[in-house]
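Have a look at the structure below before the remarks.
The values are calculated or read from the model by the stated rules, or taken from the named source; none is laboratory data. Worth saying up front: this structure is predicted, and the values here are computed from it rather than measured. No Cβ is skipped: glycine too gets one built from the backbone with ideal geometry, and neighbour counts run over all protein chains shown. Keep in mind that these areas ignore ligands, DNA and RNA; they rest on the heavy atoms of the full protein, side chains included. Shrake-Rupley method; radii C 1.70, N 1.55, O 1.52, S 1.80 Å.
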Amino acid sequence: MTIEREIGRVFERAQVSAWLHVADIDGDGEVALGADTPVAMVSVFKLPVLVALHRAGESGVLDLGERVQVPAVTRTPGVTGVAALCDDAELSLRDLAQLMITLSDNAAADAVVDRLGFDAVTRTLADLGLRSTSIGYACRDLHAALAEDLARSGTTLARAMGDPAALAGLRVLDPATTNRSTPREMTALLAAIWRDEAAGPAACAAMRRVLGLQIWPHRLASGFPADDVAVAGKTGTLPPLRSEVGVVELPGGRRYAAAVFTRSRGRTLSDPGADAAIGQAARLAVDHLSRP
Amino acid sequence: MIAELLSLPIDLVRHLRYFTVVADELHFGRAAERLHMAQPPLSQRIQRLERELGVRLFDRSSRQVGLTPAGRALIGPAHDVLAAVDRLVAGAGAVAGGAAAGRLRLGLLPETGAATMAAVVRQVARTCPALTLELSGAATSEALRALTDRSLDVATVRLPVDEAGLRVGPVLQQPWGVVLPAGSPLARRRRVAPADLGDTPLALFPRATAPGFHDELVDACARRGWAPAAVHHPAGTPAALAMTLAGTAATLVDPATARREPGVTWRPLAGEPLVARVAVVWPAARGSAATDAVAAAVAEALGRDQGMTPAPDAAPVVHVRPASAVLT
């Protein structure tokens, strides 16, 4: 059985559609399943924002130590980080970016985007040759589009689960009408960060550190339970979409960039099977590529 | 003229109908037969109409019956009046029945029982007199297939089902409970604690007939502390009840079904009530006044005859976990 078939069966068992690219950061090896298909990024868009912010800091356009007010009443809501706090907050741009990545903090992400601007993100993507990636919506824009589309069809996200007709009307799930990329461009971006090519070495090291502090254990990391394997990454979640893009570093130094995007067919918001399939699929690909 | 007609001391519509039938047959015997009456009263009614209108309508001079010139002049207007009356009556029926007319194929759950099915038929006939109802028994999965391939127009199904492409009309609920042999020690309690059933095997309808409801029931038993050693799937309620009577399994049914079977006792499970939901559904693209009217009639009959009550339109409880929240 080919590795693609084997990975395809993992996704089939989990009842998800999936698009995957896993690539050797220091070589040519790759595993690809729909790797050039446009996908909705959901929270994965925060990764290019991180890169653009560090490039802006490096070039002196922004001071990453600048303190930013994030008032409780106006900030973007969410379930983690500053977005879930009760009172006004004030953090440095650098720390907001860290919460944006490690907790997928929506308020922090929008505060960074507001200061940085989408033009800087677009320039970064162009400089790095990521032509299939397009970012122009902040978390609050995605929330608003979702709320508007759900209200129009008189439903809720929980009720729309498993109903293709209801989900078809949601712009945030359609790569054509939201922030989009491809699995291959996300592994290219990660490889650039790990090879010190996305910015200068100091900025890339800072980004690698932040990505390595991400808290979520249920996706990419779940496929690599060994203590001597390092996993860094950024998740994306908007049921039925679940994704993670990240880097797996094996003992001995081999490094692999992985981008896995899934869409669940089930009827529930929670889908631990899909979360786990992301880790299993990446594990199969990494094992395949690292086999002597 | 209208005032004069309205002041006629006869039932004008009925007399005009006699006039048109006799004019059609030109034979009092055959006309009387068509009107399901004897010939002499028919002749008297025609004479009465002629007296009231002040003209002779028929020429009975020979052995044949023929229209007089006055009769020929009035037969057209008589038809016009009767056609207008028909339109009036049909319009009234349509308003009452929500314009529900034509043929409608309704699938009801087989366990609904003949008496309740009859109540549905009567209710539909009462509220949609212009509708021709074709009734069949169909279990949930079968009904959903039939709605898809258009061999049914409206059906009752046991929830949960995949609602994609369906309009879900009235949702009714009824309590389900456990059936015990009448003499069993557990039957003496008002409610049966699920844990007391221990690992007693569960006998349920075949899963394929309503997989969503089947799994909901099994899950509900497990959540309440009844962990059956096995789940048997005898075909048909009598077989499931037989396993209960023989003491080899316990089964879950609604109280109405249990009442029909002597020798068994129905008891609700203690704790959160076990509730079964039945919905009237039809394909979303094929709704009409008829589907709405029939759905309402079915819900009313099920409510009256089977003690089902409207299910509260409660939003499902959703605890969003951070790992599944929007934008994490």
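Screening A:ASP95 on (1) in contact (Cβ under 8 Å) with a residue 60 or more places away in the chain; (2) out of contact with any Pro (no Cβ under 8 Å at 6 or more places or on another chain) shows it passes everything except condition (1).
Residue-by-condition table, conditions (1) aromatic (Phe, Trp, Tyr); (2) over 28 Å from B:LEU104 (Cβ atoms); (3) touching a Phe, Trp or Tyr at 6+ places or on another chain (Cβ under 8 Å); (4) in a loop (DSSP other than H, G, I, E, B):
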| residue | (1), (2), (3), (4) |
| --- | --- |
| B:THR251 | no, yes, no, no |
| B:PRO273 | no, yes, no, yes |
| B:ALA276 | no, no, yes, no |
| B:THR291 | no, no, yes, no |
| B:GLU300 | no, no, no, no |
| B:PRO312 | no, yes, no, yes |
| B:VAL326 | no, yes, no, yes |
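If you go through the stretch A:90-108 and keep only what is of a type in the set (A, V, I, L, M, F, W, C) and open to solvent by less than 10 Å² (accessible area, probe 1.4 Å), you end up with A:LEU93, A:LEU96, A:ALA97, A:MET100, A:ILE101, A:ALA107, A:ALA108.
The number of residues in the stretch A:185-221 being touching a Lys or Arg at 6+ places or on another chain (Cβ under 9 Å) and hydroxyl-bearing (Ser, Thr, Tyr) comes to 0. As an exercise: evaluate A:GLU66 against (1) more than 14 Å from chain B (Cβ to nearest Cβ); (2) surrounded by 24 or more Cβ atoms within 10 Å (Cβ to Cβ); (3) touching a Ser or Thr at 6+ places or on another chain (Cβ under 7 Å) and give the number of the one condition it does not meet. Single failed check for A:GLU66: (2). Evaluation of B:ASP292 against the conditions (1) within 30 Å of A:VAL42 (Cβ to Cβ); (2) away from every other protein chain (no Cβ under 14 Å); (3) of a type in the set (D, E, K, R) shows that the sole unmet condition is (1). Checked against (1) away from chain B (no Cβ under 14 Å); (2) open to solvent by less than 10 Å² (accessible area, probe 1.4 Å); (3) within 22 Å of A:PHE118 (Cβ to Cβ); (4) of a type in the set (Gly, Ala, Ser), A:ALA199 meets all criteria but (2). For the stretch B:135-168, the set of residues classified as basic (Lys, Arg), more than 14 Å from chain A (Cβ to nearest Cβ) and under 19 Å from the mean Cα position of the chain (by Cα) consists of B:ARG150, B:ARG158, listed by residue number.
Restricting attention to the stretch A:170-194, the residues that are in a loop (DSSP other than H, G, I, E, B), open to solvent by less than 10 Å² (accessible area, probe 1.4 Å) and more than 12 Å from every other protein chain (Cβ to nearest Cβ) add up to 1.
If we keep just the residues of the stretch A:145-164 that are open to solvent by less than 10 Å² (accessible area, probe 1.4 Å) and within 12 Å of another protein chain (Cβ to nearest Cβ), which is nearest to the chain's Cα centre (by Cα)?
The residue in question is A:MET161.
Filtering the stretch A:35-62 to residues that are open to solvent by 20 Å² or more (accessible area, probe 1.4 Å), touching an Asp or Glu at 6+ places or on another chain (Cβ under 9 Å) and within 15 Å of A:GLU185 (Cα to Cα) leaves only A:ASP36. Of all the numbered requirements in (1) within 12 Å of chain B (Cβ to nearest Cβ); (2) under 26 Å from A:VAL247 (Cβ atoms); (3) in a loop (DSSP other than H, G, I, E, B); (4) open to solvent by less than 20 Å² (accessible area, probe 1.4 Å), A:VAL79 misses one, and that requirement is (4). Could you tell me whether the stretch A:265-288 includes any residue that is assigned to a strand (DSSP E or B), at pLDDT 95 or above and more than 14 Å from chain B (Cβ to nearest Cβ)? No - not one qualifying residue is present in the stretch A:265-288. Contact map, the stretch A:242-259: residues that are free of Cβ contacts under 8 Å to residues at least 24 places away in the same chain and assigned to a strand (DSSP E or B) paired with residues that are among the charged types (D, E, K, R) and surrounded by fewer than 24 Cβ atoms within 10 Å (Cβ to Cβ), Cβ distance under 6 Å, separation 6+ or inter-chain. Pairs shown: A:GLU249/A:ARG255.
Do you know which residues across the stretch B:89-115 are modelled with pLDDT of 70 or more and open to solvent by 60 Å² or more (accessible area, probe 1.4 Å)? Within the stretch B:89-115, B:ARG103, B:PRO110, B:GLU111, B:ALA114, B:ALA115 qualify. Taking the stretch A:233-263 as the range and being open to solvent by less than 10 Å² (accessible area, probe 1.4 Å) and either among the small types (Gly, Ala, Ser) or farther than 30 Å from A:ARG171 by Cα (or both) as the test, the residues that pass are A:GLY233, A:GLY236, A:SER243, A:GLY246, A:VAL248, A:TYR256, A:ALA257, A:ALA258, A:ALA259.
Among the residues of the stretch A:202-226, how many are of a type in the set (A, V, I, L, M) and either in a loop (DSSP other than H, G, I, E, B) or within 14 Å of chain B (Cβ to nearest Cβ) (or both)?
Residues that pass the stated criteria total 5.
Which of the residues spanning the stretch B:179-212 are of a type in the set (A, V, I, L, M) and open to solvent by less than 60 Å² (accessible area, probe 1.4 Å)? Steps first, answer last, please.
Filtering the stretch B:179-212 for residues of a type in the set (A, V, I, L, M) gives B:179-180, B:182, B:186-187, B:192-193, B:195, B:197, B:202-204, B:208, B:210.
Matches in the stretch B:179-212: B:VAL179, B:LEU180, B:ALA182, B:LEU186, B:ALA187, B:VAL192, B:ALA193, B:LEU197, B:LEU202, B:ALA203, B:LEU204, B:ALA210.
Taking the stretch B:213-239 as the range and being modelled with pLDDT of 90 or more and either among the aromatic types (Phe, Trp, Tyr) or open to solvent by less than 30 Å² (accessible area, probe 1.4 Å) (or both) as the test, the residues that pass are B:PHE213, B:HIS214, B:LEU217, B:PRO234. There is no residue in the stretch B:151-170 that is modelled with pLDDT under 90 and in a helix (DSSP H, G or I). Being part of a helix (DSSP H, G or I), under 30 Å from B:LEU166 (Cα atoms), under 15 Å from the mean Cα position of the chain (by Cα) and within 14 Å of another protein chain (Cβ to nearest Cβ) holds for only one residue in A:LEU99, A:LEU167, A:LEU142, and it is A:LEU142.
Given B:ALA293, B:ALA299, which one is at pLDDT 90 or above, under 30 Å from B:LEU131 (Cβ atoms) and buried (at least 18 other Cβ atoms within 10 Å of the Cβ)?
Numbers: B:ALA293 fails: at pLDDT 90 or above.
Criteria check complete, one pass: B:ALA299.
Can you confirm whether A:ALA111 is within 14 Å of chain B (Cβ to nearest Cβ) and open to solvent by less than 60 Å² (accessible area, probe 1.4 Å)? So A:ALA111 does not fit the description; no. Taking the conditions (1) away from chain B (no Cβ under 14 Å); (2) in contact with a helix residue (DSSP H, G or I) (Cβ under 7 Å, 6 or more places away or on another chain); (3) closer than 26 Å to B:ALA323 by Cβ; (4) small (Gly, Ala, Ser) in turn, A:ALA120 satisfies each one other than (3). The set of residues in the stretch B:307-328 that are open to solvent by less than 30 Å² (accessible area, probe 1.4 Å) and more than 7 Å from every other protein chain (Cβ to nearest Cβ) comprises B:MET308, B:ALA311.
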